[in-house]
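None of the figures in this text is laboratory data; all of them are computed from the coordinates on show. All values reported here derive from a predicted model rather than from experimental measurement. Cβ coordinates were reconstructed from backbone atoms using ideal geometry, including for glycine residues, and neighbour counts include every protein chain displayed.
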Amino acid sequence: MDARTVGLWRQYNQLVAALGSTSNVVGEFAERLIADHLGGTLLKASAKSADIKLPDGRLIQVKARIIRDGVPATSLGIIRTWDFHVLAAVLFDPDGSVLRAVLVPVEAAKMCARTNGLQNGWVIVTTKAFLDHEQAEDITDALNQLLAGSPAGAE
């Protein structure tokens, strides 16, 4: 095996440990990004139904995917309960930038969800109707500014 591959493997494992010890690096990173953006606290991985708690007590569920084919319509991870206030959906480009990110109130998210009996929960597909829902707040630019190291809204 070549040294570059071994080096990337070691970096990946360091990243997994740094982000929270699960193997869902995309999800873990998105949770931290949303928590930083909203000023919330990450909940333990074992927390039921929510990933972040905001200072006002609201709970945020985060779902994230990397979009590799340029088409942002993808299924988000299974939702087993609706015990949260806001769904944050983050779609990343393969280069790590945010392609699209929205905050959707739980009631609006429920309207966009489909029952998945096989997985005992609900699934949301990131269609144009979901991403552009009238109650969705687009936070794409703010997250990309955060990734770039500049505060949202800074010139």
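Using the Cα gyration tensor of the chain, with a ≥ b ≥ c the square roots of its eigenvalues, what is the shape: rounded (a/c below 1.5), prolate (a/b larger than b/c) or oblate (neither)? Mind dumping the intermediate values first?
Details: a/c = 1.44, a/b = 1.31, b/c = 1.10.
Judged from the Cα gyration tensor, the chain comes out rounded (a/c under 1.5).
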- Query: Within the chain, what percent of beta bridges assigned by DSSP are antiparallel, to the nearest 5?
  - Reply: 70 percent
- Task: Would you calculate the separation in nanometres between label points at residue 6 and residue 47, each defined as 7 Å from the Cα along the Cα-to-beta-carbon direction?
- Result: 4.0 nm
- Message: Quick check for you: which residues of the stretch 32-75 have the amide N under 16 Å from the point 7 Å beyond the Cα of residue 129 toward its beta carbon?
- Response: 73-75
- Which far-off residues, 5 or more places away or on another chain, put their amide H under 5 Å from the one on residue 52, with H placed in the peptide plane? 43, 60
- Task: Please list the helices of the chain that count as membrane-span-like by this rule: a mean Kyte-Doolittle hydropathy of at least -0.5 together with Cα atoms stretching 15 Å or more along the helix axis, each helix being a complete DSSP H run.
- Result: 3-19, 25-38
- Message: Between residue 115 and residue 73, what's the calculated FRET efficiency when r is the beta-carbon distance and R0 is 22 Å? Round to 0.05.
- Response: 0.70
- Message: Of the candidates 141, 56, 93, which one comes out as most mobile in a Gaussian network treatment of the chain with C-alpha springs shorter than 10 Å?
- Response: 56
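If I stretch the segment between residue 58 and residue 13 completely, what's the gain in nm (0.36 nm per residue apart, minus their alpha carbon distance), one decimal? Spell out each step's value before the answer.
On the way: separation 45, 0.36 × 45 = 16.20 nm, distance 3.20 nm.
Answer, rounded to one decimal: 13.0 nm.
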- Note on the structure: GNM of the chain, Cα pairs under 10 angstrom: of 78, 66, 52, the biggest fluctuation goes to 78
